[in-house]
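Rule-based calculations on the coordinates, nothing more; no lab input. As the structure is a prediction and not an experimental result, all values here were calculated from the model. Glycine also receives a Cβ, built like all others from the backbone with ideal geometry; neighbour counts cover every protein chain displayed.
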Amino acid sequence: RIDARKHALDVERERAARVASLPPPLPHPLENLEVKKIAAMKARGAGKFSVTRYHISEPYADREMNAEQ
């Protein structure tokens, strides 16, 4: 057991020396990336909804025009 432990410590010392001699890693490419923030537009009323960027040009659902309730 003692010899196996000494051998493991020697192997670990060699590995640590090899890792310590490596050059430092390159910085992450997205680390210093500047992101432009877009100011949020607020819809002030139903009449101005069509001029905002939140306006949906095509309806997602069709309405039944002749429906009786």
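Here are a few things to note about the model shown:
- Mean Cβ count within 10 Å, highest first, over the residues of peptides 21-33, 5-17: 5-17, 21-33
- Förster radius 30 Å - calculated FRET efficiency between L33 and E12, Cβ distance, rounded to 0.05: 0.20
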